[in-house]
Every structure is written in C-alpha cells, then in structure tokens.
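Report on one structure; see the data block that follows.
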Amino acid sequence: MMISIRKRAIVRASALIAGAILPIGAIAQTDLASAAEIRGQVAAMLADMKPGQGFAWRPLLRDGQRVVAIEIWKKPGRPAVHPAEAEYAVVLEGAGTLVSGGTLVAPVTRRADLVEGDRIQGGTTRPLRPGDVLLLPAGVPHEFGITGDRLVLLGTKLAVN
C-alpha cells in the first residue's frame, strides 16, 4: 500500500500534534515516523495477530505518556468513553464505521481513562475510509465498526485539563 503525499502530510501532522515523540526501540528523540516505517509496523502487526484476534495496538511514537499508536480492528470494538482524553485518529487503510455521541448504555469503568458500555443510544453513525480524520472530544461515547476485513487507524489520546 502506497501512502500518498496527502496522507504522509496527515501522518506528519498527527506526529507533530503529539509533541516531541520517541519511537519504540529508538535512542534519540524524533517527531516523525516515515510512511515506510508505518507500513512496516502495520505489516508486522498483521503478521503477529492470532486467528480470531479482533484488535491490536502498538505504539509507534512516544514522549512519556503521550503516544501515537497504530490500531488494527478486525472485529467491532466495544462502545467506550475516555473521560479526560480527546482521541485523534487518521484512517490508514480498510473500511469501517464510527458511531459517536449519544449516551453510553450500561457504563462500566475499566480504568480511570476508560469507560465501556453495552451500546450507544442516540449516536450518529458515519462511514470511515482511508484518509479520513477524526477528533473525538473527551467524554464523548464512540464505537468503531468494521465493514471490510479490517480498519487501521493511526491515533493518539490528547489529555484535556
């Protein structure tokens, strides 16, 4: 899969939004992961996924607790809310849906930064395709669906104070 110049600019923008960040296994700080590095990480993650595994997450760039990560969804995720973090993501490949807004039904706090529920009532459903960019404000219920064989996102959580 070739990443276009437009997508490369989006990838660079998302890396810069996260601040000065450190790639896994790197010694020096950097603020950029090349398109080739991203393609390589996605391929490695797909190769590492077990049969039936629905989700994989791997940090790509890091600065302390700030992380830019690749997410691969092969099965729909659970509806979730991040109470104190906005979520920014770029769709790298695949196809899916985003349900956002509304009310999280039967919420259960899994961690301080994650509340999951059974479903979202009254949310808005939109299609996701490569090149799409999404920004979910902190506290907004959301859920990713899969309409192809997978949905690959490059995303980060942005703490709100």
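The values are calculated or read from the model by the stated rules, or taken from the named source; none is laboratory data. The structure presented is a predicted model; accordingly, all values stated were derived computationally and were not measured. Cβ placement follows ideal geometry from the backbone for every residue including glycine, while neighbour counts extend to all protein chains displayed.
Filter region 118-131 for residues that are closer than 17 Å to residue 101 by Cβ and either loosely packed, with under 12 Cβ neighbours inside 10 Å or not polar (S, T, N, Q) (or both) and give the result.
Of region 118-131, the ones closer than 17 Å to residue 101 by Cβ are 118-128.
118, 119, 120, 122, 123, 124, 126, 127, 128 - these are the residues of region 118-131 that are closer than 17 Å to residue 101 by Cβ and either loosely packed, with under 12 Cβ neighbours inside 10 Å or not polar (S, T, N, Q) (or both).
Which of the residues that make up region 97-147 are more than 19 Å from residue 160 (Cα to Cα) and small (Gly, Ala, Ser)?
Passing the criteria: 102, 106, 117, 122, 123, 131, 145.
With the condition kept exactly as written, say whether any residue in region 142-154 is among the charged types (D, E, K, R), surrounded by 14 or more Cβ atoms within 10 Å (Cβ to Cβ) and closer than 27 Å to residue 36 by Cα.
The initial filter retains those residues of region 142-154 that are among the charged types (D, E, K, R), namely 143, 149-150.
This time we only want the ones that are surrounded by 14 or more Cβ atoms within 10 Å (Cβ to Cβ), so: 143, 150.
This time we only want the ones that are closer than 27 Å to residue 36 by Cα, so: 150.
Yes, the conditions are met somewhere in region 142-154.
Filter region 33-43 down to the residues that are without any contact (Cβ under 8 Å) to a residue 40 or more places away in the chain and in contact with a strand residue (DSSP E or B) (Cβ under 8 Å, 6 or more places away or on another chain) and list them by number. Give the steps one after another, and end with the answer.
First pass over region 33-43, keeping only residues without any contact (Cβ under 8 Å) to a residue 40 or more places away in the chain: 33-37, 39-41, 43.
Passing the criteria: 33, 37, 41.
Please verify whether region 96-105 includes one or more residues that are of a type in the set (S, T, N, Q), touching a residue at least 40 places away in the same chain (Cβ under 8 Å) and closer than 17 Å to residue 149 by Cα.
First pass over region 96-105, keeping only residues of a type in the set (S, T, N, Q): 97, 100, 103.
Right, trim to touching a residue at least 40 places away in the same chain (Cβ under 8 Å) and you get 97, 100.
Those still in the list that are closer than 17 Å to residue 149 by Cα too: 97.
Scanning region 96-105, I find at least one residue that is of a type in the set (S, T, N, Q), touching a residue at least 40 places away in the same chain (Cβ under 8 Å) and closer than 17 Å to residue 149 by Cα, so the answer is yes.
If residue 112 meets every condition in (1) more than 22 Å from residue 151 (Cα to Cα); (2) in contact (Cβ under 8 Å) with a residue 60 or more places away in the chain apart from one, which number is that one?
That leaves (2) as the condition not met.
Which of the residues that make up region 32-65 are over 13 Å from residue 155 (Cα atoms) and basic (Lys, Arg)?
Those that are over 13 Å from residue 155 (Cα atoms) and basic (Lys, Arg): 39, 50.
Within region 59-89, which residues are at pLDDT 95 or above and over 30 Å from residue 121 (Cβ atoms)?
The one that is at pLDDT 95 or above and over 30 Å from residue 121 (Cβ atoms): 70.
List the pairs whose first member sits in region 130-157 and is among the polar types (S, T, N, Q), whose second member is assigned to a strand (DSSP E or B), and whose Cβ atoms are under 6 Å apart, counting only residues at least 6 apart or on separate chains?
That search, which allows pairs on different chains as well, returns 147/95; 147/96; 156/68; 156/88.
Please specify each residue of region 104-161 satisfying the condition of being more than 15 Å from the chain's Cα centre (by Cα), β-branched (Val, Ile, Thr) and in a strand (DSSP E or B).
Result: 105, 108, 109, 115, 120, 124, 125, 147.
Kindly indicate which of 16, 46 is modelled with pLDDT of 95 or more, among the hydrophobic types (A, V, I, L, M, F, W, C), part of a helix (DSSP H, G or I) and closer than 22 Å to residue 132 by Cβ.
Working: 16 fails: modelled with pLDDT of 95 or more.
Exactly one residue qualifies, and that residue is 46.
Could you tell me whether region 53-71 includes any residue that is farther than 21 Å from residue 36 by Cα, in contact with a Phe, Trp or Tyr (Cβ under 6 Å, 6 or more places away or on another chain), surrounded by 15 or more Cβ atoms within 10 Å (Cβ to Cβ) and touching a residue at least 24 places away in the same chain (Cβ under 8 Å)?
no
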